[in-house]
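Since the structure comes first, as structure tokens, the remarks are kept for the end.
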Amino acid sequence: MAKVERDRDVLINKDGAQTGKVGLYQAPNNFPACINEHLFLLRGRRHLIDQKYLYYSLLSQAVQQQIRSQISGSAQPGLKSGFIKGIIADIPRSLPEQTKIAGVLSTVDRAIEQSEALIAKQQRIKTGLMQDLLTRGIDEHGNLRSEETHEFKDSPLGRIPGEWEVDRLGTLLDSINQGWSPDCDSDPADIGNWGVLKTTAIVWQGFRETENKALPVPLNPRPSLEVKSGDLLMTRAGPNSRVGVVAYVYSTRSKLMLSDKMYRLIPGVKIDGRFLCYALSGFQTQRHLSNLKTGMAESQTNISQAIVKALLTVCPPASEQRIIADCLDLVSNESNQSLSALAKLRSLKTALIQDLLTGEKRVTPLLEAEQAAGSAP
């Protein structure tokens with residue numbers, strides 16, 4: 001087995017589902033490691049190429065396409081050991097320029113890692129807060145209830161505050177309806193034109209209006225299926241992990257219709273739509289729902305309207321529902337802002353790899369400025 005060196009070795013998956021995936025070995029304190037037969041290890045000639053530049057060059061779109069073109073096999077895809085000889089990449093002759101380019105991209109990578117760590121922390125906080133708020137609630141003094149100081153009772157969903165109720169979802173909804181899935185192209189609808197939502201518009205992070213397909217011109221829209229602010233959407237068919245996902249529509253552009261693979265839940269006067277979205281996202285309800293999904297394969301499951309209406313959910317007093325929803329909205333908004341910032345960083349990295357590794361933008365001004373600063377008296 002080949003030994004991996006800290007900050008030195010580029011690794012590439014040789015076979016399997018992740019064939020062609022590139023990584024850079026960076027372990028703290030020179031932690032020793034070895035690769036197995038499923039990885040290639042690349043070490044450039046030190047006088048010709050910076051290792052981190054080598055890593056980033058392999059991430060570029062042009063090189064990734066070349067790597068993918070050399071993957072063979074369908075049941076068990078893989079790369080041959082000589083694949084690297086067929087790769088053509090733009091490499092500056094200047095090692096300092098390579099190092100500076102790699103340094104710029106490494107800075108963005110560190111920012112991405114910090115953002116990912118923050119998001120993971122925010123998700124842990126949100127998960128814990130949801131568990132507390134959806135089982136204990138908030139008392140009249142703004143504190144989480146405790147069985148030591150407040151009355152609790154048994155329910156089909158476990159112990160809940162004495163003043164809460166457990167209701168079937170069907171009794172809390174004014175209506176539940178299903179959409180329409182005409183044949184559409186994959187392009188999203190322009191603003192002002194009709195589109196049909198994809199199931200990917202409904203994710204745990206919220207509603208994504210950009211996830212839609214343009215309605216073909218010959219087809220007439222169905223305005224009754226247009227999504228409105230205040231709707232609560234739920235995926236009803238698809239891969240198991242994507243069925244039963246809910247999202248509350250805080251706002252949306254006009255002329256977007258439900259698809260056949262989702263439900264629209266219209267909350268009645270007894271339940272706050274935002275609170276209901278969080279309640280349906282909770283561990284107890286999702287665990288219950290997972291046992292009710294039907295389908296012959298993990299990749300294609302569904303839930304009927306009858307199943308949705310029969311779901312149980314906690315129902316605190318209306319004023320407490322709003323307070324709980326406000327608290328969870330605050331945490332969710334912070335997390336979504338972090339996710340948006342992360343998406344921008346990833347887009348920046350993609351753009352920089354394209355610009356810096358093709359020479360469209362040069363780092364020579366940065367090098368000249370450093371040289372000038374170093375030579376200044």
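The values are calculated or read from the model by the stated rules, or taken from the named source; none is laboratory data. Owing to the predicted nature of the structure, the values given are computational and were not obtained by experimental measurement. Glycine gets a Cβ as well: all are built from the backbone with ideal geometry, and neighbour counts include every protein chain shown. To get the accessible areas, we keep the full protein, side chains included, count just its heavy atoms, and leave off ligands, DNA and RNA. Shrake-Rupley method; radii C 1.70, N 1.55, O 1.52, S 1.80 Å.
Here are a few things to note about the model shown:
- Flag for residue 65 being farther than 18 Å from residue 366 by Cβ, surrounded by 17 or more Cβ atoms within 10 Å (Cβ to Cβ), of a type in the set (S, T, N, Q) and without any contact (Cβ under 8 Å) to a residue 60 or more places away in the chain: no
- Selected residue (criterion: farthest from the chain's Cα centre (by Cα)) from residues of the range 120-132 that are open to solvent by 70 Å² or more (accessible area, probe 1.4 Å) and more than 22 Å from residue 345 (Cβ to Cβ): 131
- Answer residue from the range 64-107, given it is in a helix (DSSP H, G or I), in contact with a strand residue (DSSP E or B) (Cβ under 9 Å, 6 or more places away or on another chain) and among the aliphatic types (A, V, I, L, M) and is farthest from residue 348 (Cα to Cα) among those: 84
- Just one of the numbered conditions (1) within 23 Å of residue 103 (Cβ to Cβ); (2) modelled with pLDDT under 90 is not true of residue 76: (1).
- Selection count where residues are more than 22 Å from residue 248 (Cα to Cα), open to solvent by less than 70 Å² (accessible area, probe 1.4 Å) and among the charged types (D, E, K, R), scope the range 326-355: 2
- Criterion violated by residue 117 - all others in (1) open to solvent by less than 40 Å² (accessible area, probe 1.4 Å); (2) under 27 Å from the mean Cα position of the chain (by Cα); (3) at pLDDT 95 or above satisfied: (1)
- Of all residues making up the range 194-214, the number that are open to solvent by 20 Å² or more (accessible area, probe 1.4 Å), in contact with a strand residue (DSSP E or B) (Cβ under 6 Å, 6 or more places away or on another chain) and over 14 Å from residue 247 (Cα atoms): 2
- Residue satisfying condition, being within 30 Å of residue 307 (Cα to Cα), at pLDDT below 95 and not in a helix (DSSP H, G or I), within set 175, 186: 175
- With respect to (1) closer than 30 Å to residue 284 by Cα; (2) part of a helix (DSSP H, G or I), the lone exception for residue 136 is condition (2).
- In the set (1) open to solvent by less than 30 Å² (accessible area, probe 1.4 Å); (2) aliphatic (A, V, I, L, M); (3) free of Cβ contacts under 8 Å to residues at least 12 places away in the same chain, the condition left unmet by residue 35 is number (3).
- Residue count, the range 115-164 (criterion: under 25 Å from residue 337 (Cβ atoms) and hydroxyl-bearing (Ser, Thr, Tyr)): 2
- For residue 147, the conditions (1) part of a helix (DSSP H, G or I); (2) more than 32 Å from the chain's Cα centre (by Cα); (3) of a type outside the set (Ser, Thr, Tyr) all hold with the exception of (1).
- Meets criteria (over 30 Å from the mean Cα position of the chain (by Cα), open to solvent by 40 Å² or more (accessible area, probe 1.4 Å) and either within 16 Å of residue 12 (Cβ to Cβ) or at pLDDT below 90 (or both)) for residue 86: yes
- Yes/no for residue 358 being open to solvent by 40 Å² or more (accessible area, probe 1.4 Å), out of contact with any strand residue (DSSP E or B) (no Cβ under 8 Å at 6 or more places or on another chain), more than 28 Å from residue 120 (Cβ to Cβ) and modelled with pLDDT of 85 or more: yes
Condition check ((1) more than 21 Å from the chain's Cα centre (by Cα); (2) among the basic types (Lys, Arg); (3) under 28 Å from residue 139 (Cα atoms)) across all residues:
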{"site": "313", "(1), (2), (3)": "yes, no, yes"}
{"site": "322", "(1), (2), (3)": "yes, yes, yes"}
{"site": "329", "(1), (2), (3)": "no, no, yes"}
{"site": "367", "(1), (2), (3)": "yes, no, no"}
